[in-house]
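Worksheet: one structure, shown below.
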Amino acid sequence: MVPPAGAGWEERHCFTTEVTALLAARYGRWACGWHWAVGEGGGGGIVTSWCCDSHSIGEPAATAAKVVASLLEWRDWLEDLAERFAQLAPPAGADAEERSWQLERAATRLVTVVVDRTGAECGWYGLCRTVLTWFLSSTGMGPESAKDAVDTAIGGRFKSWTEPSRILVDSVGEDLAVGLTGEQPYRDR
């Protein structure tokens, strides 16, 4: 499957697409992010074992090793997120104020971990949107509603190659919480 040395962009892209389809068919949809690498060539992901098609595709055995390492790295990230989601989820039966506080806290922590793992490099905010959407979906919200809530809260305020300020991260978390609950997330304690 590995394209020959000197192959053009189309052939390298086709390889990545075919590997993604193969991995997803074998392991499930979770494998689709295996090549979401940190930086400009990788689309703003967290994977460091894969750079971009032009730098990562080469000799077949080395390329296969990079695919495997990247898939394992992506799986570790997803398992870490699942643990975080479970820890950060609002408790069942929480009232609107408690739920708001929990959602604000979760959003700020999840944005921070995405910034840390991506280095806030090119396109990092796309993964941030995805992670926040997955989190809300894990709490029982429908995927489209979750995506809309996240898009409204972020509102284009995150930028490539720019680490958001603590104030901006807090504002996004608060906006998400208030947008979903109608309550301010702060407690008088």
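Within the range 139-146, does at least one residue satisfy the condition of being under 17 Å from residue 106 (Cα atoms) and open to solvent by less than 20 Å² (accessible area, probe 1.4 Å)?
The answer is yes, given that some residue of the range 139-146 is under 17 Å from residue 106 (Cα atoms) and open to solvent by less than 20 Å² (accessible area, probe 1.4 Å).
Taking the stated definitions as given, is residue 117 in contact with a Leu (Cβ under 9 Å, 6 or more places away or on another chain), at pLDDT 95 or above, more than 30 Å from residue 15 (Cα to Cα) and open to solvent by 40 Å² or more (accessible area, probe 1.4 Å)?
It is false that residue 117 is in contact with a Leu (Cβ under 9 Å, 6 or more places away or on another chain), at pLDDT 95 or above, more than 30 Å from residue 15 (Cα to Cα) and open to solvent by 40 Å² or more (accessible area, probe 1.4 Å).
Exactly one condition in (1) in contact (Cβ under 8 Å) with a residue 24 or more places away in the chain; (2) within 23 Å of residue 110 (Cα to Cα); (3) out of contact with any helix residue (DSSP H, G or I) (no Cβ under 7 Å at 6 or more places or on another chain) is not met by residue 71; state its number.
For residue 71, the exception is condition (3).
Could you list, in sequence order, all residues of the range 171-189 that are modelled with pLDDT under 95 and among the hydroxyl-bearing types (Ser, Thr, Tyr)?
Correct list: 186 only.
Is the range 46-54 home to any residue that is aliphatic (A, V, I, L, M), touching a His at 6+ places or on another chain (Cβ under 8 Å) and open to solvent by less than 40 Å² (accessible area, probe 1.4 Å)?
Yes: the range 46-54 contains one or more residues that are aliphatic (A, V, I, L, M), touching a His at 6+ places or on another chain (Cβ under 8 Å) and open to solvent by less than 40 Å² (accessible area, probe 1.4 Å).
Can you tell me which residues in the range 68-95 are more than 20 Å from the chain's Cα centre (by Cα) and surrounded by fewer than 15 Cβ atoms within 10 Å (Cβ to Cβ)?
91, 92, 93, 95, listed by residue number.
Take residue 134 and tell me if it is of a type in the set (Phe, Trp, Tyr), open to solvent by 70 Å² or more (accessible area, probe 1.4 Å) and either touching a Gly at 6+ places or on another chain (Cβ under 8 Å) or within 29 Å of residue 39 (Cα to Cα) (or both).
The answer is yes for residue 134.
Quick one: residue 3 ticks every box in (1) open to solvent by less than 50 Å² (accessible area, probe 1.4 Å); (2) out of contact with any Phe, Trp or Tyr (no Cβ under 8 Å at 6 or more places or on another chain) bar one, so which box is it?
(2) is the only condition that residue 3 fails.
I need every pair where a residue in the range 38-56 that is without any contact (Cβ under 8 Å) to a residue 24 or more places away in the chain has its Cβ under 6 Å from the Cβ of a residue that is aliphatic (A, V, I, L, M) and open to solvent by less than 10 Å² (accessible area, probe 1.4 Å), sequence separation at least 6 or different chains.
From the range 38-56, the pairs are 50/37; 51/37.
The values are calculated or read from the model by the stated rules, or taken from the named source; none is laboratory data. Everything numeric in this text was worked out from a predicted model, so none of it was measured. Using ideal geometry, Cβ is built from the backbone for each residue, glycine included, and neighbour counts are taken over all protein chains shown. In case anyone asks, the SASA skips ligands and DNA or RNA and just uses the protein heavy atoms, side chains included. Shrake-Rupley method; radii C 1.70, N 1.55, O 1.52, S 1.80 Å.
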